[in-house]
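A short write-up of the structure that comes next.
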Amino acid sequence: MPFATHRGQKIHYTVEGHGPVVVLQHGLFMDAASWRANGFVAALADRFTVVCVDSLGHGLSDKPGDATLYEQSQRAGDIVAVLDALGAEKAHLVGYSMGAWMAVGVAKHHPERLASLTVGGWDLVNGVPKGPAGPIRFDIFWGFSQQVAPTLVSWVTPDIVPAMQACFEALGDLSGAPEAVLGAGVPVLLWDGIADPYHGPSEAFAAANGLPFVSTAGDHLGAIITPASDVVGRLGEFFAES
């Protein structure tokens, strides 16, 4: 069972397939195994070396409660540590939701390690949608998640909740995101489900900056849990052309 170590924390990852390296980074409450469950790994592994990373706080990776360990630069370093463990100079990096925020961090702090960048399920300009009273507090978000997606969060025991809070609150760091993505010097693709609140802002950002945009069926969770049949193929084409 492979692990990379970064700033004293163990980061678990899986590897399947052969070819250019593609790293898949999941969103909040999901894990590396999610990419296999939703069909991404099987669809890509015949052409690419598919690496799925358990984010800090998730899956088989360490789950510390120290909020400073969840800062964007630190999380981007976790992905780079996996590349180092694999001996991979560059990778096609796909991030979804929180994973997209992490992928933006790689563009910001380690652009030389990217072969391409796919930002899915994330508004890299505005971040998490705000409520009527402003930014959503974690306790509100956590309660809502338990109501609408109990299966997704069933693994989160009370001792892990501080790690989830640290993950969520770190997402407020949006500094330099557009500049990092546009200045990374690699092909960039944006992707969102049409019923996702992030869809409109992401599509507008793509259009304004001449970036390709993939619009698929589904809301924020549906677009990744039960992805449209053609989305993985379209991502594969993007990697092959990059």
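The values are calculated or read from the model by the stated rules, or taken from the named source; none is laboratory data. Since we're looking at a predicted model, the values are computed, not measured. Please note: Cβ atoms are built from the backbone with ideal geometry, for glycine as well, and neighbour counts cover all protein chains shown. In case anyone asks, the SASA skips ligands and DNA or RNA and just uses the protein heavy atoms, side chains included. Shrake-Rupley method; radii C 1.70, N 1.55, O 1.52, S 1.80 Å.
Just a few scattered comments:
- Some residue of region 126-139 being in contact (Cβ under 8 Å) with a residue 60 or more places away in the chain and of a type in the set (A, V, I, L, M): no
- Flag if V106 is assigned to a helix (DSSP H, G or I) and among the β-branched types (V, I, T): yes
- Only one of P178, P150 that is farther than 27 Å from D230 by Cβ and free of Cβ contacts under 8 Å to residues at least 12 places away in the same chain: P150
- The residues of region 229-242 that are free of Cβ contacts under 8 Å to residues at least 60 places away in the same chain and open to solvent by less than 30 Å² (accessible area, probe 1.4 Å) amount to a single one, V231.
- Residue within region 218-226 that is under 25 Å from G57 (Cα atoms) and of a type in the set (D, E) present: yes
- Considering T68, T49, the condition of being on the phi < 0 side of the Ramachandran plot and free of Cβ contacts under 8 Å to residues at least 12 places away in the same chain is satisfied by T68 alone.
- Close pairs (7 angstrom Cβ cut-off, 6 or more residues apart or separate chains): over 16 Å from R36 (Cα atoms) in region 2-21, among the aromatic types (F, W, Y) and assigned to a strand (DSSP E or B) anywhere: P2/Y13; A4/Y13; K10/F3; I11/F3
- Enumeration of residues in region 157-170 that are outside any loop (DSSP other than H, G, I, E, B) and either touching an Asp or Glu at 6+ places or on another chain (Cβ under 9 Å) or in contact (Cβ under 8 Å) with a residue 40 or more places away in the chain (or both): P162, A163, M164, Q165, A166, C167, F168, E169, A170
- Qualifying residue in region 79-88 (condition: within 18 Å of H110 (Cα to Cα) and part of a loop (DSSP other than H, G, I, E, B)): yes
- Scanning region 1-46 for residues that are aliphatic (A, V, I, L, M), part of a strand (DSSP E or B) and open to solvent by 10 Å² or more (accessible area, probe 1.4 Å) turns up V15, V21.
- Considering region 135-156, and only residues there that are outside any helix (DSSP H, G or I) and out of contact with any helix residue (DSSP H, G or I) (no Cβ under 7 Å at 6 or more places or on another chain), the residue that is farthest from S34 (Cα to Cα) turns out to be P135.
Conditions (1) farther than 14 Å from L171 by Cβ; (2) surrounded by 14 or more Cβ atoms within 10 Å (Cβ to Cβ); (3) at pLDDT below 95, marked per residue:
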| position | (1), (2), (3) |
| --- | --- |
| M98 | no, yes, no |
| M102 | no, yes, no |
| A107 | yes, yes, no |
| E112 | yes, no, no |
| A115 | yes, yes, no |
| T118 | yes, yes, no |
| G127 | no, yes, no |
| A133 | yes, no, yes |
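- If the condition is being in contact with an Asp or Glu (Cβ under 6 Å, 6 or more places away or on another chain) and either part of a helix (DSSP H, G or I) or open to solvent by 30 Å² or more (accessible area, probe 1.4 Å) (or both), then region 171-216 contributes A195, H199, P201, S202, F213.
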